[in-house]
Structures are given as structure tokens and as C-alpha cells.
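Please read the structure below before turning to the comments.
The values are calculated or read from the model by the stated rules, or taken from the named source; none is laboratory data. The structure displayed is predicted, hence computed values, not measured ones. Backbone-built Cβ (ideal geometry, glycine too); neighbour counts: all protein chains shown. These area figures cover heavy atoms from the full protein model, side chains too; ligands, DNA and RNA do not enter into them. Shrake-Rupley method; radii C 1.70, N 1.55, O 1.52, S 1.80 Å.
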Amino acid sequence: MRTSRTAAFTLISALLIAFGFNQLLIPHQMISGGVSGITMIAGYATGLNIGWLYFILNVPILVWGWRVLGIRFVGWSSVSVVATTLFMQLIPDKPLVADLTLGAVFGGVIVGFGSGLALREGTSSGGFDIVAAIITRKRDISMGMLIFGMNGTVIAALGLLTKNWDIALFSLLSIFTTGKIIDLIHIKHVKVTAFIITCETEAMRTALIPLYRGVTVMKTRGGYTNEEKDMLMTVTTRFELNQLRKIIANTDPRAFVNIVETVGVMGDFRKPSP
């Protein structure tokens, strides 16, 4: 079941990315940044097939990712790269819209949705997604904005080389949109703090341990009832919030829970694998 779901999401992701490339970005000579952006620049300059260039340049990155991130993540990322390459051969390279702004914005939305879908499912669309996954595994920063920063460097190079800053800036708009959409979907970096007041302290503490997050137990006293209880505090991610809610509901349905978004975390915070 899990494998079928991942395969379906990976193929849908690849289809969306290929559609965004061939129907919205490439017809207007815009680039998406990163490895795909580099392949687009090379394709525009040489006339070579951009899809196959995309595949070739992803190979060394996939090898690096396999050594750092593990076989599952990179295995599915490889499937995504191959599927994107094949879909780019099938989807016609024709402009869906004539306006550059519409192409940049909606191209960014579609490519970002496809990339975010893959990342949320525990895989990626290859390229700078893998580089970003390696970096965010060690540093707690936004995946989408990291990809935007790396891709922005490619855009700057495009503008300096071609002197066509209109296309470069429209491409930057597309990449920014892609990054924001990725962050809306891929939410592993967004932290929340849960304050759980319960009478089932030990059962709750034991149930929370499998999340591999720190749990702090504090004594509390109700201001209205004057009743003493324990409060458990834990910091987790929005991605894992549903799992946390299920654990609390199954352990103590009567527990009072306050969940707030956390601005930042200092100290040791275990990050799940991408």
C-alpha cells in the first residue's frame, strides 16, 4: 500500500513538473533554476533535447544523494527523474498562455506543487531538491527558500550571460512562486509546540516517546479547580501533528491541549529524514 501510494505520487509529481516545463516555461525561453535551469540554458544554446540533458545532469547528483540520504529517498527520486524525462518527450513543447507573467506564475505554481508533492511523500524531483534535502538534514531551514536561493544564483548567471534581464526576472518570479508552493506543501520544517495537561502522565509520556521528540513534564495547578496535574510539553512539526493528535486522543481523550506555532528552536532538535 505504501509503495503504491509513493509510486502514484511520484508519477503525478513528474507529470506536473514536465507539464510546467513544456507548456509554461520553455516556450517562453524561461528557466526554472537549478539543474533543470542549467539544462534549459544549455538546451536553448545548443538545440539539444532539454529532457535528456535534465536526465544526464541529474545522474551525479543522484549518486551523491544515494551516499548521503539513503537508497529509498534517492531510489524514488531516480524514478521521478526518469518519469519527468519521459513525460517531457510526450508533452508538446507549446505555450499554454501567451503572457509571460501568467507563464511565470502558473509555471511556478505547477512545478512547485509537483516538487512539493514529491518531497512530502518522502522523495524528490531530483536536481537541487536533493542538494537542499542534504543541507536541511543538517540545518533547520526552509526547504523552499533554500531552493529559491540556490536557483536565484542560476538566474543571476542567466541575466549576466544573456543580458536579457526581462526573461531572467520573469524566471526569478517563477522560481520564487515555486519555492513558496513547496513550503506550503512540504511542511516538515514548520515547528509547533504542544502543551498537554493530563492525569495520565506516564501513559502519555510513554506514548510520545516513539516520536523521537523531547518531552518535558511540569507540575501544574488549576486556577479554578485548584487541582494538581502534570503538563507535558513537546516540540514537533506540522507534518507530524496529526500523528501527535491521534496519540493524545488514544491515550487521554480528556486531556487539555494547547498547540502553538513555534518561531524558532535552539539546542538539540531531532529532524526526521527527508
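Can you pull out the residues in the range 212-242 that are charged (D, E, K, R), in a helix (DSSP H, G or I) and open to solvent by less than 60 Å² (accessible area, probe 1.4 Å)?
Step one: filter the range 212-242 for residues charged (D, E, K, R), giving 213, 219, 221, 227-230, 238, 240.
Remaining after also requiring in a helix (DSSP H, G or I): 238, 240.
Across the range 212-242, the qualifying residue is only E240.
Which of (1) assigned to a helix (DSSP H, G or I); (2) touching an Asp or Glu at 6+ places or on another chain (Cβ under 9 Å); (3) open to solvent by less than 20 Å² (accessible area, probe 1.4 Å); (4) modelled with pLDDT under 85 is the odd one out, the single condition M145 does not satisfy?
If we test M145 against (1) assigned to a helix (DSSP H, G or I); (2) touching an Asp or Glu at 6+ places or on another chain (Cβ under 9 Å); (3) open to solvent by less than 20 Å² (accessible area, probe 1.4 Å); (4) modelled with pLDDT under 85, just (3) comes out false.
Would you mention how many residues in the range 35-57 are open to solvent by 20 Å² or more (accessible area, probe 1.4 Å), in a helix (DSSP H, G or I) and of a type outside the set (A, V, I, L, M, F, W, C)?
Looking only at that region, the number is 2.
Which number in (1) under 21 Å from N151 (Cα atoms); (2) touching a Pro at 6+ places or on another chain (Cβ under 7 Å) marks the one condition that S13 misses?
All conditions pass for S13, except number (2).
I'd like the residue in the range 91-103 that is hydrophobic (A, V, I, L, M, F, W, C) and closer than 21 Å to I12 by Cα and, out of all such residues, is most open to solvent (accessible area, probe 1.4 Å).
Filtering the range 91-103 for residues that are hydrophobic (A, V, I, L, M, F, W, C) and closer than 21 Å to I12 by Cα, the one most open to solvent (accessible area, probe 1.4 Å) comes out as L96.
For the range 243-251, check the following and say yes or no: at least one residue is closer than 21 Å to R120 by Cβ, open to solvent by less than 20 Å² (accessible area, probe 1.4 Å) and not in a strand (DSSP E or B).
yes
Just need a number here: residues in the range 9-34 that are open to solvent by less than 10 Å² (accessible area, probe 1.4 Å), closer than 13 Å to Y54 by Cβ and not in a helix (DSSP H, G or I).
2
Output the residues belonging to the range 91-125 that are within 12 Å of F21 (Cβ to Cβ) and either among the hydroxyl-bearing types (S, T, Y) or part of a helix (DSSP H, G or I) (or both).
G103, G107, G108, I110, V111, G114, S115, S125
Any residue in the range 42-68 that is among the aromatic types (F, W, Y) sitting within a Cβ distance under 8 Å of a residue that is open to solvent by 80 Å² or more (accessible area, probe 1.4 Å)? List the pairs, counting only those 6 or more apart or interchain.
Listed by first residue and then by second, the contacts come to Y44/Q29.
Looking at P60, is it of a type outside the set (D, E, K, R), open to solvent by 20 Å² or more (accessible area, probe 1.4 Å) and assigned to a helix (DSSP H, G or I)?
Yes; evaluated as a whole, the condition is true for this residue.
What tally of residues in the range 93-126 results from selecting those that are at pLDDT below 85 and of a type in the set (V, I, T)?
Counting residues in the range 93-126 that are at pLDDT below 85 and of a type in the set (V, I, T) gives 1.
Has the range 75-89 got any residue that is touching a residue at least 12 places away in the same chain (Cβ under 8 Å), over 20 Å from G126 (Cα atoms) and among the hydroxyl-bearing types (S, T, Y)?
no
Residues to consider are I175, I209, I197; find the one that is in contact with a Ser or Thr (Cβ under 9 Å, 6 or more places away or on another chain), of a type in the set (V, I, T) and open to solvent by 20 Å² or more (accessible area, probe 1.4 Å).
Within the list I175, I209, I197, the selection yields I197.
Checking the structure you have, find out if any residue of the range 1-8 is in a loop (DSSP other than H, G, I, E, B), open to solvent by 60 Å² or more (accessible area, probe 1.4 Å), among the aliphatic types (A, V, I, L, M) and modelled with pLDDT under 85.
Looking for residues that are in a loop (DSSP other than H, G, I, E, B), open to solvent by 60 Å² or more (accessible area, probe 1.4 Å), among the aliphatic types (A, V, I, L, M) and modelled with pLDDT under 85, one finds at least one in the range 1-8, hence yes.
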